[in-house]
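See structure below.
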Amino acid sequence: MDKRLGVVGIVVEDINSASKVNTILHDYAHIIVGRMGIPYKDRGVSIISLTVDGNTDQISAMTGKLGKITGISVKTALTKS
């Protein structure tokens, strides 16, 4: 299966869900090239930006698990090939 390069944006609105997010990201560390996290205290959220390199099944599995967590929003943009 072809590998894709892309970005995943994660907005953490419920800080109590942060440990679940980190557990999933640890499980998918093999497809994460880089990670940047920014706490935005004025809005009470944290924003995580990931650069990923993996096949669509791997990336979709990770984002699907993240999206099921209460208080978490996830968006993905991937290369076409």
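How far is helix 18-27 tilted off the main Cα axis of the chain, in degrees rounded to 10, range 0 to 90? Helix 18-27 sits roughly 20 degrees off the main axis of the chain. Taking Cα atoms, how many degrees apart are the long axis of helix 56-67 and the longest axis of the chain, rounded to 10 and kept between 0 and 90? With both axes taken from Cα atoms, the answer is about 10 degrees.
For the chain, with only Lys/Arg (+1) and Asp/Glu (-1) charged at the beta-carbon, what is the dipole magnitude about the Cα centre, in debye rounded to 20?
The calculation lands at about 80 debye.
For the chain, the Kirkwood radius over C-alpha pairs fed into Stokes-Einstein at 37 °C and 0.692 mPa s yields D = 258 µm² per second.
The numbers here are math on the coordinates, done by the rules we state, and not lab data. Predicted model only: the values in this text are computed from it and were never measured. Note that each Cβ is placed from the backbone with ideal geometry, even for glycine, and that neighbours are counted across all protein chains shown.
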